[in-house]
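Just so you know, all these numbers are worked out from the coordinates, no wet-lab data involved. Computed from a predicted model, the values in this text were never measured in an experiment.
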């Protein structure tokens, strides 16, 4: 018995379907590989940025506390000057 055109079409259709599935599988594997590479490189880039953010937060905290520290220091200096003036007046 000679295969008819339907059998030929059916077999070629199976071949094309297998080829399509293989290509789709390869394409998905390639996308997953690229995604993994992107995540890895993004992770490497994020670590220094996070350290930089922490450093900037510390600097911000220090700068916010600076006016209070300066005011306290000036107040203490002012009180010492006033005390020195009183001591000078008592000596005379």
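The table below lists the values:
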{"item": "Computed lengthening from residue 35 to residue 20, 0.36 nm per intervening residue step minus Cα-Cα distance", "result": "3.2 nm"}
{"item": "If the convex hull is drawn through the Cα atoms of the stretch 13-52, its volume per residue in Å³", "result": "28"}
